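**Student:** Below is one structure. I have some questions about it.
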Amino acid sequence: MKILVIGSGGRESAIVYAIKKSKKVTDVYCAPGNGGTADTAKNVNIEQDDVEGLLSFALENKIDLTVVGPEVPLSMGIADEFNKAGLKIFGPNKKASLLESSKKYAKDFFKRNSIKTVDYASFTNFVDAADFVKQKSHPVVIKVDGLAAGKGVFISNGFEQSKDILDSVFNEKIFGKSGETVIIEDFIDGFELSYMVITDGISYKPLITGMDYKKIYDGDTGENTGGMGAITPNPHISKTLTDKINETIIVPTLKGLKNEGIDYKGVLYAGIIIKNDEIYVLEFNVRFGDPETQAVLVRLKSDIIDLFMSVVNENLKDCELVFDDNKSICLVLSSEGYPKKYKTGYEISFNGIEDISAEYKYEYHIFHAGTKKIGGKYYTNGGRVMNICVNGKTPEIVDIAYDIAKKINFENKYYRKDIGKIYARY
Ligand code: GLY
């Protein structure tokens, strides 16, 4: 089979890795890909938002299955276009993708379908939003409706701060169209977690649980990022809890989608908060998380192509989804300054990496993210540069990841020093 993966991050590097393990696959293309997929797949110079270009490529090259990593092409309706052209694609259609691309749509969907979410109100102008927030006790959470690459969520501690945020969104329009509608949510000080399932719209299968390290600094402090690391399993999530999440969030969501005539095929990723044993859904993503997916896929034992095809063909319930019973870690090496301003273009060196396989007790994977390959050398090309994943039975996986992190070097390298350290307690 010929497979096309869309995206350019660590998530897509890991998807390519998992796809290449399938005996059914002859060719893997990645559009636009990164410095790592230049080696592991055939990079195609088409951007993720060029739906027409991607469609032409898939038709011309007789692609058997396309797998979409990021939310942008999904929100643009890439699945609808591919389906119309008779091509198989893993990822939800435009209507279903509204669950991520419009926070108001998602919140209204939760309400209509009696799925517990945090109380909210939505606004389309500064005056009404400011009036509303004046009456509210703080903190409150202010979210822009549209896609904002993880930057559109603010926790505000007082009216003046809320007014400033609303001013920059409505009047300065710093998020453009994505900020035309704003959601104001009650702030809940609870335990946050994320939970991913695969669904063909009829049945669903949960992935192993992961824990994402969202903040830039150790101890979960500083700004939110796309994720600075991940571990599996999530030591805070029990079987009782996942059963409850399935029952209160996943099943009613799939039922709601069906009742509303929305065909959902792909990954459903729920952002959840728990307070006093009550489970609230905060938001949905309609795609694999990054970097959680890297930590999940290194533990996948089943054939990922069988899984993707069972979703496309609506027979997921007959598909086996098996993971090993290890633990895994994904440590992100980033460019200093991320998630704000950072410099790129620095050469990446891998001192001694070629010789380390024998050195470590457990299997490791180096997945490129924001990198590019020029003339046989690798350069930084993004905020999150490289992912180091280790899969094994004991907390030693964490030491191995950190040892490898010292051997991959580039100017302005930054990484958190506490990813997976929680395993020392388990
Ligand atoms: N790691 C969070 C996300 O993928 O949205």
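The values are calculated or read from the model by the stated rules, or taken from the named source; none is laboratory data. Since we're looking at a predicted model, the values are computed, not measured. Because the Cβ atoms are built from the backbone with ideal geometry, glycine has one as well, and the counts that use them run over all protein chains shown. Heavy atoms of the whole protein, side chains included, go into the accessibility calculation; ligands, DNA and RNA do not. Shrake-Rupley method; radii C 1.70, N 1.55, O 1.52, S 1.80 Å.
**Student:** Between the DSSP loop rule and a limit of at most 16 other Cβ atoms within 10 Å, which GluC sites (Glu not before Pro) in segment 191-268 are left?
**Tutor:** Within segment 191-268, the qualifying GluC sites (Glu not before Pro) (loop, at most 16 other Cβ atoms within 10 Å) are GLU260.
**Student:** While we're on this one: Sorted by packing (mean other beta-carbon atoms within 10 Å per residue), highest first, where do 227-236, 168-177, 359-368, 12-21 land?
**Tutor:** Sorting 227-236, 168-177, 359-368, 12-21 by mean packing, highest first, produces 12-21, 227-236, 359-368, 168-177.
**Student:** Using helices alone, I'd like the mean residue ellipticity at 222 nm for the chain: each DSSP H run of four-plus residues gives -39500 (n - 2.57), total over residue count, nearest 500.
**Tutor:** -7500 deg cm²/dmol
**Student:** With the dipole of the chain worked out from charges on the C-beta (+1 for Lys and Arg, -1 for Asp and Glu) around the Cα centre, which of GLY345, VAL281, ALA106 lies farthest toward the positive end?
**Tutor:** Going by the charge dipole, the pick is GLY345.
**Student:** So who's got an amide H within less than 5 Å of the one on VAL67, skipping anything under 5 residues away but keeping other chains? H placed 1.01 Å off N, in plane.
**Tutor:** Result for VAL67 returns LEU4, VAL5, ILE6, PHE90.
**Student:** In the chain, if the dipole is taken from +1 on Lys/Arg beta carbons and -1 on Asp/Glu beta carbons about the Cα centre, which of ILE6, MET309, TYR195 is farthest to the positive end?
**Tutor:** Comparing the listed Cα positions along the dipole, MET309 ranks first.
**Student:** Right, another one. Whole-Hz ³J(HN,Hα) for each residue in segment 85-102, computed from phi via Karplus 6.51 cos²θ - 1.76 cosθ + 1.60 with θ = phi - 60°, x for glycine and proline: what do you get?
**Tutor:** Per-residue couplings from phi come out as 7, x, 9, 8, 9, 9, x, x, 6, 4, 4, 5, 5, 4, 4, 9, 7, 9 Hz.
**Student:** If the only charges are +1 at each Lys and Arg Cβ and -1 at each Asp and Glu Cβ, what is the size of the charge dipole of the chain around the Cα centre, to the nearest 20 debye?
**Tutor:** With Lys and Arg at +1 and Asp and Glu at -1, about 340 debye.
**Student:** For segment 363-426, with only Lys/Arg (+1) and Asp/Glu (-1) charged at the beta-carbon, what is the dipole magnitude about the Cα centre, in debye rounded to 20?
**Tutor:** So the dipole magnitude of segment 363-426 works out to roughly 220 debye.
**Student:** Over the chain, what percent of the accessible surface lies on carbon and sulfur atoms, probe 1.4 Å?
**Tutor:** Carbon with sulfur: 48 percent of the solvent-accessible area.
**Student:** Let me ask you something else. So what is the accessible area of segment 79-176 per residue, in Å², with the probe set to 1.4 Å?
**Tutor:** Ligands and nucleic acids excluded, the result is 49 Å² per residue.
**Student:** Could you size up the charge dipole of segment 1-109 around its Cα centre, putting +1 on the beta carbon of Lys and Arg and -1 on that of Asp and Glu, and report it in debye to the nearest 20?
**Tutor:** Using Cβ point charges on Lys, Arg, Asp and Glu, segment 1-109 gives about 500 debye.
**Student:** Please go through the residue pairs LYS116/LYS177; LYS84/LYS177; LYS214/LYS340; LYS265/LYS317 and name each one whose alpha carbons sit more than 19 Å apart in this structure.
**Tutor:** Flagged as over cut-off: LYS116/LYS177; LYS84/LYS177.
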